[in-house]
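For reference, the structure discussed in these notes is given below.
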Amino acid sequence: MPDKVIYVNIKAMKRLFFILIITVLTVLGSLYLLRPITDPDFFWHISTGRWILENKALPSEDPFSYTTPRLLSDREFFILRSYWLSQVLYWLCYKLSGLNGIILLRVLLLSLLLVFIYKRIKVVEDPLLISGLLIVFTVNLLSVYPMDRPQVWSFVFFALLLLVLNIKRYTLLPPLMLLWSNMHGGYILGSVVIGVYIIDEGIRYLRGKEIEKGLLIGGICGILAGFINPSTYQAFLQTIKMPSSMTGMTIEYMSTIKTFLKRGDLTMLFYWFFLLITSFEILRRTVKGGISLKEIILFSGLGYFSFTQIRYVVFFLIWAMPFAVMFLNSLKHWLRYGLLTLLISGSIGLSLILQEYNNIKNIKNFSSENWISSYYPEAGLRFIMNNNLKGNMYNFHDWGGYLIWRFYPEKKVFIDGRQLYEYLFMQSMSIDQAVREPVIMGMPFWKAILKTYDINYMLIPAFDMLGNVSGLLGALIDDEEWIPVFFRGNSIIFVRNTKENYPVIYRYGIPREFILDDIIRQVEAMLKRSPKHISLYIALGDLNVKAKRYEKAMEIYEKGLELQPFNSILKKRKEDLRILMLHK
């Protein structure tokens with residue numbers, strides 16, 4: 001009898017410990033949901049929602065940029081119109097409750113997503129097992145994906161679609177697909193999934209088995225309902241025709257391996273673990289003969305695309321969750337909870353690292369509505385408005401959406417995250433990298449582009465989100481035609497050295513021999529406040545290279561590598577600098 005009491009107490013203590021760590025991670029995840037808005041695309045989405053409601057129409061041309069051609073291609077129309085319903089909802093939430101409304105919508109969407117997943121994976125009567133995996137899933141989602149873009153609606157609708165198919169409520173498929181197709185182009189994945197289910201039923205019929213007519217009728221109507229949107233079938237075509245020049249520059253198109261090596265993203269370890277245990281479960285069920293064709297097809301497709309492009313990772317995790325639960329449930333009790341404890345403990349550590357131990361301050365944001373990341377150039381924007389800088393502006397690509405949100409309708413941007421016009425995107429990259437060839441009219445290529453668009457002033461960062469310092473900054477510092485007049489935080493403004501700009505230059509002009517040292521000092525101050533922010537090490541090292549302080553730069557790169565030994569950017573920087581120092 002005493003032995004039995006001891007056994008029960010130990011078991012109860014284990015459950016209590018497990019509940020405790022789940023609670024801790026839930027609290028950390030909740031605080032992480034309260035982080036500032038960092039996604040550049042959110043701002044042009046909400047601005048488009050505002051434009052749609054104000055004009056009571058969908059845009060037929062670009063209202064925000066002065067560089068987009070008036071004759072738009074099918075791809076450009078698709079980007080302008082395909083997210084309209086989610087954009088309108090974002091703007092309505094903002095109108096009702098300000099940015100607090102956007103954060104509450106963030107919480108609501110995540111809650112719906114978890115509820116739909118939970119309803120579908122409740123195949124094992126073990127709430128701790130299910131809760132543990134949901135928590136790990138949530139940490140992956142929050143750390144990899146911004147929660148304020150239409151893509152999150154696709155996550156929610158995808159989870160709901162799988163649930164509807166699982167509980168066989170096929171009459172819900174048409175309205176679900178109708179709503180989804182007007183929220184985000186990810187509905188094509190839903191159409192593919194429904195198509196796979198229909199094909200599986202067709203094969204069952206050929207084998208002489210009874211088929212579900214409700215699935216055939218509801219599924220076909222659902223696929224057809226997906227075409228009732230302003231872009232009709234364009235989502236399918238644009239997915240196939242997406243320009244490689246743009247996908248190569250976009251983080252969400254990176255493979256999981258490249259994301260881990262280049263960005264040091266530890267959440268990829270959790271994804272690989274889910275991929276591994278899902279593979280084991282699929283194999284186990286295949287050996288036992290308990291797997292369907294649709295499960296094999298969806299595992300192969302989602303597994304491949306999620307491994308090669310991180311934009312599909314969450315879709316794979318949503319689909320794979322029941323298989324991960326069943327595999328862990330098949331293990332012995334001690335091994336199952338040992339693995340789960342390790343996973344959740346790792347998630348807690350990762351969550352703490354990502355939040356830099358200070359996200360509790362985000363609670364105060366509800367009273368101040370201070371939800372905008374300091375990455376965006378608010379101080380630079382105010383300088384432009386206060387000094388009434390005129391003429392065409394050149395702006396950094398990532399800041400375009402934010403400038404649209406703050407400037408419209410007074411000013412238009414050069415470029416933004418919509419990437420509407422491929423040729424303009426490539427020109428922007430040439431400017432940012434200060435590409436010199438080919439020489440046009442005796443000017444380097446980057447200056448000739450600025451001349452073509454009659455650029456009068458430029459708003460650029462000292463470094464981007466990954467810590468990269470653009471070649472443009474160094475070129476402007478050395479160019480007598482451009483005068484630095486503003487620098488604060490990460491925002492730098494250069495104006496063309498003309499008579500029209502003389503009052504601003506006279507009052508605010510910064511001696512160019514001091515500007516680089518000023519930037520370095522500010523980045524050093526940022527690094528002291530955020531000593532684990534790896535992009536700051538990259539930026540500070542690059543700036544010291546530009547200042548020809550090679551030994552200092554090498555020391556900074558090495559400190560960054562101590563934090564992230566696998567970071568491929570820092571490794572390459574260090575190797576390039578080593579070669580440079582050998583030739584000096």
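Where a number appears in this text, it was derived from the coordinates with a stated rule and is not lab data. Owing to the predicted nature of the structure, the values given are computational and were not obtained by experimental measurement. Please note: Cβ atoms are built from the backbone with ideal geometry, for glycine as well, and neighbour counts cover all protein chains shown.
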Note: Thr171 to Arg529 extended length (0.36 nm per residue) minus current alpha-carbon separation gives 123.4 nm
In order over region 41-47: 3J(HN,Hα) from phi, Karplus 6.51/-1.76/1.60, θ = phi - 60°, whole Hz, x for each Gly or Pro, gives 6, 3, 6, 6, 5, 5, 5
The extension gain from Leu466 to Ser300, computed as 0.36 nm times the residue separation minus the Cα-Cα distance, is 56.6 nm
Note on region 460-584: alpha-carbon gyration tensor, axes a ≥ b ≥ c; rule is a/c under 1.5 for rounded, else prolate if a/b larger than b/c, else oblate; result prolate
Scoring region 98-230 by relative contact order with C-alpha pairs under 8 Å, at least six apart, yields a percentage of 26 percent
Here the relative contact order (percent) of the chain, from C-alpha pairs under 8 Å and at least 6 apart, is 16 percent
Bridge orientation stat for the chain from DSSP, antiparallel percent rounded to 5, came to 65 percent
Between Leu53 and Arg204, the two model label points (7 Å from Cα along the beta-carbon direction) sit apart by a distance in nm of 4.5 nm
Shape call for region 95-203, from the Cα gyration tensor axes a ≥ b ≥ c (a/c under 1.5 means rounded, otherwise prolate when a/b beats b/c, else oblate), comes out oblate
For the chain, the charge dipole (Cβ of Lys, Arg +1; Cβ of Asp, Glu -1; about the Cα centre) points to a positive end, and the Cα of Asn490, Tyr304, Leu261 closest to that extreme belongs to Tyr304
Burial-style ranking of 544-555, 465-476, 207-218, 81-92, average other-beta-carbon count within 10 Å with highest first, yields 81-92, 465-476, 544-555, 207-218
For the pair Tyr233 and Ile257, the simple spin-label estimate (label points 7 Å beyond Cα toward Cβ) gives in nm 3.6 nm
Heads up, region 199-326 by the C-alpha gyration tensor (a ≥ b ≥ c square roots of eigenvalues; a/c under 1.5 rounded, else a/b over b/c prolate, else oblate) looks oblate
About its Cα centre, region 38-107 carries a charge dipole, from +1 on Lys and Arg Cβ atoms and -1 on Asp and Glu Cβ atoms, whose size in debye to the nearest 20 is 220 debye
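Count the lysine pairs in region 162-289 whose Cα atoms lie under 25 Å apart, taking only pairs 8 or more positions apart in sequence or on different chains.
On the way: Lys168/Lys209; Lys168/Lys213; Lys168/Lys288; Lys209/Lys288; Lys241/Lys258.
Summing the qualifying lysine pairs gives 5.
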Given 271-281, 177-187, the highest-first ranking by average Cβ count within 10 Å works out to 177-187, 271-281
If every Lys and Arg gets +1 and every Asp and Glu gets -1 at its Cβ, then about the Cα centre the chain yields a dipole, in debye to the nearest 20, of 1320 debye
For region 33-180 the mean separation of alpha carbon contacts under 8 Å (6+ apart) over residue count, i.e. relative contact order in percent, is 27 percent
